[in-house]
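Scroll down for the structure; my scribbles are underneath it.
The values are calculated or read from the model by the stated rules, or taken from the named source; none is laboratory data. Source: prediction; values computed, not measured. Ideal geometry is used to build each Cβ from the backbone, glycine not excepted, and the neighbour counts take in all protein chains shown. Ligands, DNA and RNA are stripped out before the accessible areas are found, and what is left, the full protein with its side chains, is counted by its heavy atoms. Shrake-Rupley method; radii C 1.70, N 1.55, O 1.52, S 1.80 Å.
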Amino acid sequence: MNKEIERLIDEIDLLQAAPAEEPMRQYYFIKKCRQYVKEISEKLGRPLRAATVTFGCQMNARDSEKLTGILEEIGYVEESVEEKADFVIYNTCTVRENANQRVYGRLGQLNRVKRKNPHMLIGLCGCMMQEPHVVEKLKKSYRFVDLIFGTHNIYKFAEILATRFESERMVIDIWKDTDKIVEDLPSERKYSFKSGVNIMFGCNNFCSYCIVPYVRGRERSRNPRDIIREIETLVADGVKEVMLLGQNVNSYGKTLEEPMSFAELLREVEKIEGLERIRFMTSHPKDLSDELIEVMKTSRKICRHLHLPVQSGSTDILKKMNRRYTKEQYLSLVDRIKTAMPDISLTTDIIVGFPGETEADFQETLDVVQKVRYDSAFTFIYSKRTGTPAAAMENQVPQEVVKDRFDRLLKEVQKIAAEECSKHEGTTQTVLVEQMNEQDDTLVTGRLSNNLLVHFPGTKEMIGQLVDVKLISCKGFYYIGEAVK
Ligand code: 5AD
Ligand code: SF4
């Protein structure tokens, strides 16, 4: 637990009204919730357990660390099995329809557990809750859910939970948008040695297939001083690697009172002593500047990995997707990046079956994959999201055609990825050790600067350390290595 937050919480007098200012207001509600949790826990004769379940992207993973941090301050013990928890919170994603279906499925199962365990609380938050039709459905058919909030007011978690403890009714608090950024909330990191750091929220790009701008709101950047301060605190607490997070990090700083580019921010982060590795995601190709390429090239800390979603290789489809670059512009950008950093690892996101996609368009995508030679690619079948412009487009591609293209794309992506991966065989590179190997406890698992996974003989004392490892044999997408003394 954070000592400074603890001290501030100690000083709060619950007989007074809740302060109006953040984050003090949330500290007040954390203290209030502590009392409720303590009462229930005394009745049950055991500590209360909470499970945070995360769907979706790195942004959600980071938000979940904040939820877990608040839960821990309130007095819950972390629990990984939902069925055993007294409080379950789902941090949801809605980028593709199947994510929504999974949440409904799991809620159905939890309802059965809750019937046997009436004091159990169920909370829902995240992107899916920003869709009005979802909340309508929950209100009608999922009455057993206790609290619902969205992406804009996640910082109010303790306040919403306190309201639920006091009212015994379903509490719903969803905001349409916000320009507010609340700093200094508790947060519980999943890893002691690496951490995500939000640098901006929201997205202004409105790619025509994407629901993110509707559920995460308008783009807003965090103040660089707050970002640096957070990273300095993390480093003092043992963090060696940070992942700077934003939907489009390349447009960082545009909304600040004193605008600052992403490349300039990186230069500042680089100066932080004790920080060893810097990663970031996601980069939008239309905004990736030559200044950024230069900063990456000369940096000692920025990892040799760039996630550069192409989405499609067809200029026609890219136009309909509102991506604002052509196939040629994308390839020329990749060329500039590879010329500056020949050892860079490039990864991407690709959508197959966007409305109107022809076989010729799909061939363009395959062509880009063959030219760029990605180290890995996330491939997605287009999913129709209500409210986005693409959902209303004609010529939706039949399912069997999409499936066939998807299979062909996946095969090509995997073949190239394996070839690219094998290039490093015999080299010695630095690995940040992340965990014990899940299958074999004589091995540890870590990542190279280029994000490839490596397993090698080691012990748990190595977790969080940077170790030089000789890459002995490539197993397709990962390496088996050996530490060099
Ligand atoms: N259908 C399929 N994939 C999508 N993505 C975003 N919206 C959709 C959609 N409607 C993919 C994009 C994005 C990644 C995070 O998810 O490739 O980069
Ligand atoms: Fe969605 Fe495009 Fe914004 Fe990425 S850049 S979150 S794909 S709208």
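Numbers below:
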{"item": "T427 long-range amide H proximity, modeled H, under 5 Å", "result": "L471"}
{"item": "Net charge over other residues, Cβ less than 12 angstrom from the Cβ of L318 (K, R count +1; D, E count -1)", "result": "+1"}
{"item": "Sites T386 and I480, calculated FRET efficiency, Cβ-Cβ separation with R0 60 Å, nearest 0.05", "result": "0.85"}
{"item": "In Hz, Karplus ³J(HN,Hα) per residue of the stretch 257-269 (6.51, -1.76, 1.60; θ = phi - 60°; x = Gly, Pro)", "result": "4, 10, x, 8, 7, 4, 4, 5, 4, 4, 4, 5, 5"}
{"item": "Largest to smallest accessible area among L124, L452 [probe 1.4 Å]", "result": "L452, L124"}
{"item": "Label-point separation in nm, T163 to Q58, each point 7 Å along Cα→Cβ", "result": "3.3"}
{"item": "Charged-residue dipole, Cβ positions (Lys, Arg, Asp, Glu), the stretch 398-458 about Cα centre, Debye nearest 20", "result": "260"}
{"item": "Segment E257-Q363, extension gain: residue separation times 0.36 nm, minus the distance between their alpha carbons", "result": "33.7 nm"}
{"item": "Packing-based order for 208-215, 261-268, using average beta carbon neighbours within 10 Å, highest first", "result": "208-215, 261-268"}
{"item": "Sparse-neighbourhood loop sites, GluC sites (Glu not before Pro) in the stretch 148-198 - DSSP loop, at most 14 other Cβ within 10 angstrom", "result": "E168, E183"}
{"item": "Cross-link pairs K66/K176; K3/K66; K190/K460 - those with Cα-Cα distance over 19 Å", "result": "K66/K176"}
{"item": "Estimated distance in nm for a label pair at T315 and N451, the labels positioned 7 Å out from Cα along Cα-to-Cβ", "result": "2.8"}
{"item": "Stretch gain in nm, segment R46-R115, where the contour uses 0.36 nm per residue and the Cα spacing is subtracted", "result": "22.8 nm"}
{"item": "Coil-residue chymotrypsin sites (Phe, Trp or Tyr not before Pro) of the stretch 416-485, DSSP, other Cβ within 10 Å capped at 14", "result": "F477"}
{"item": "Cα gyration tensor shape for the stretch 123-181, rounded if a/c is under 1.5, else prolate or oblate", "result": "oblate"}
{"item": "Estimated inter-spin distance, E438 and K371, nm [label 7 Å along Cα→Cβ]", "result": "3.7"}
{"item": "Net length gained if the chain between F144 and N395 were fully extended (0.36 nm per residue, minus Cα distance)", "result": "86.3 nm"}
{"item": "Residue among I231, Y325, T365 farthest towards the positive dipole end of the chain, charges placed on Cβ", "result": "T365"}
{"item": "Burial order of peptide ranges 88-96, 250-258 (average beta-carbon count within 10 Å, highest first)", "result": "88-96, 250-258"}
{"item": "Fraction of accessible area attributable to carbon and sulfur, the stretch 28-142 (%, probe 1.4 Å)", "result": "50"}
{"item": "HN-Hα J in Hz across the stretch 333-343 - Karplus 6.51, -1.76, 1.60, θ = phi - 60°, x for Gly and Pro", "result": "4, 4, 4, 4, 5, 6, 5, 6, 9, x, 8"}
{"item": "Lys/Arg +1, Asp/Glu -1 at C-beta; the stretch 339-485 dipole; positive extreme among M462, V413, I381", "result": "M462"}
{"item": "Convex hull volume per residue for the chain, taking Cα atoms only, in Å³", "result": "162"}
{"item": "Dipole moment magnitude, nearest 20 debye, the stretch 2-81 about Cα centre, only Lys, Arg, Asp, Glu C-beta charged", "result": "260"}
{"item": "Eligible lysines near K415 by straight Cα distance, threshold 16 Å, same-chain separation 8 or greater", "result": "K371, K423, K475"}
{"item": "FRET efficiency for R102 and R218, using Cβ-Cβ distance with R0 set to 22 Å, rounded to 0.05", "result": "0.20"}
{"item": "For G464, distant residues with modelled amide H under 5 Å away", "result": "V433, E434"}
{"item": "Candidate lysines - alpha carbon under 20 Å from K114, same-chain residues fewer than 8 apart omitted", "result": "K43, K84, K137, K139, K140"}
{"item": "Of the trypsin sites (Lys or Arg not before Pro) in the stretch 152-185, those whose Cβ has at most 16 other Cβ within 10 Å and which sit in DSSP loop", "result": "R169, K176, K180"}
{"item": "Backbone HN-Hα couplings from phi across the stretch 33-38 [Karplus 6.51/-1.76/1.60, Hz, Gly and Pro as x]", "result": "4, 3, 4, 4, 5, 5"}
{"item": "Estimated dipole of the chain in Debye, rounded to 20 [Cβ of Lys and Arg +1, of Asp and Glu -1, Cα centre]", "result": "1040"}
{"item": "Furthest towards positive pole of dipole, Q130, P259, T315, structure part the chain, Cβ charges", "result": "Q130"}
{"item": "The stretch 151-256 - percent of accessible surface contributed by carbon and sulfur, probe 1.4 Å", "result": "47"}
